[in-house]
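Just so you know, all these numbers are worked out from the coordinates, no wet-lab data involved. All figures in this text were calculated on a predicted structure; none of them were measured in a lab. Glycine gets a Cβ as well: all are built from the backbone with ideal geometry, and neighbour counts include every protein chain shown.
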Amino acid sequence: MKIAIVGCGAMGSVYAALLASAGNPVWALDPWAAHVQAINDNGLRLEGPLGDRQVRIQAATSAPHEAMDLVVLAVKASDVEAGARQALPFLGADTVVLTIQNGLGSADTVAGVVGAERVAVGIASGFGASLRGPGHAHHNAMQAMRFGAYASLPLARVQAVAQTWEAAGFDARAVPDIAAMQWEKLICNVAYSAPCALTGMTVGEVLDDPEMGPISRAAATEAWTVAKALGIQLEVTDPVEHARAFGMRVYQAKPSALLDHEAGRISEIDVINGAVPAQGAKVGIATPVNSTLLALVKVKERQWQRKPR
């Protein structure tokens, strides 16, 4: 497949390097000029459990008018509309647009820009990635990738995308009900994203903490309750155990919301903990725990945004 990665940050660089290593022609689109220049000059370097590799790909700060088979939006949720618009020159009649973000709502935005019929939704689980410098990425974990159609994209086309990722070394497969998997991931994310961002704790520290632990578990339970009320066909029957099992697998990890705060960036809390009250309002369910966590994170971000860091 001819593939474009829009947003070649830490995660996007992992996607780009491994997909290119499998023989797919890859374009990387990113606003960081030094990163783009390093990739074009020396290739994209990726370190991690699968070894240290230097991969030749094409990179740019704006998209050329060249149709791709697959466009991957690997930007943060707050940038997804801009990323979708930047990707328009890559679209041909049969291009699939795969959007991979945390939380809920990004696919709705993408569909409004590129058309719902071409959109696939991706879920990345158990990933840890960072940029070491321009043209140099590292990943220390890589678990599952699951893809599903947003609307009317045929399952066969989603399966073809998944097969391409599987051939590149990912645990990837297409699923018929991506919404259920999004919510099952969200249940885990709300348990740790805001609590870790507010306290500076790792996932394991929140899991074991006598004060934050109960709050974390209550946030997960609220998300599960809202999903069930919305008619989402969850396989999860115990949200607390589900979130605990996830936390044990990534015990030492820092969620992206905490990493964003440590780097002085606004987090994606609106589409993570904030998704629960937004969706709960649709079915008349109050979500005081996630609503409070959302408000506290937003107050914290507003305060440190006003001060020199």
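Descriptive notes on the structure:
- Between the beta carbons of TYR251 and SER78, assuming R0 = 22 Å, the FRET efficiency works out to 0.20 to the nearest 0.05.
- The distance from the alpha carbon centre of the range 45-79 to that of the range 213-292 is 29 Å, rounded to a whole number.
- For the range 126-274: rounded, prolate or oblate by the Cα gyration tensor [a/c cutoff 1.5]: oblate
- Cross-link partners of LYS300 among lysines, defined as those whose alpha carbon lies under 18 angstrom from its own and excluding same-chain residues fewer than eight positions apart: LYS254.
- Three-way shape label, the chain, alpha-carbon gyration tensor, a/c 1.5: prolate
- Each Lys and Arg contributes +1 and each Asp and Glu -1, all at the Cβ; summed about the Cα centre of the chain, the dipole is approximately 480 debye.
- With Cα atoms, 0 to 90° folded angle of helix 288-305 axis to the chain main axis: 60
- For the chain, the longest principal axis of the alpha carbon atoms and the long axis of helix 10-21 meet at an angle near 40°.
- For LYS2, the aspartates and glutamates whose Cα comes closer than 15 Å to its Cα, not counting residues fewer than 8 places off in the same chain, are GLU66, ASP69, ASP94.
- Calculated FRET efficiency for the pair ALA33/ALA93, C-beta based, R₀ 51 Å, to 0.05: 0.95
- Rounded to the nearest 20 debye, dipole of the range 179-305 from Cβ charges on Lys, Arg, Asp, Glu: 280
- Computed from Cα positions, the angle between helix 239-249 and the longest principal axis of the chain comes to roughly 50 degrees.
- Sequence ranges 55-65, 119-129, ranked by mean other-Cβ count within 10 angstrom, highest first: 119-129, 55-65
- Average Cα contact separation per residue, the range 179-305, under 8 Å, 6 or more apart, as relative contact order %: 34
- For the pair ARG85 and ASP108, label points projected 7 Å from Cα toward Cβ lie 2.0 nm apart.
- Overall shape: oblate for the range 232-309, with the ratio a/c of the largest to smallest alpha carbon gyration tensor axis at 1.5 or above and b/c at least equal to a/b.
- Label-to-label distance, nm, for residues given as GLN303 and ASP208 (7 Å Cα→Cβ offset): 2.8
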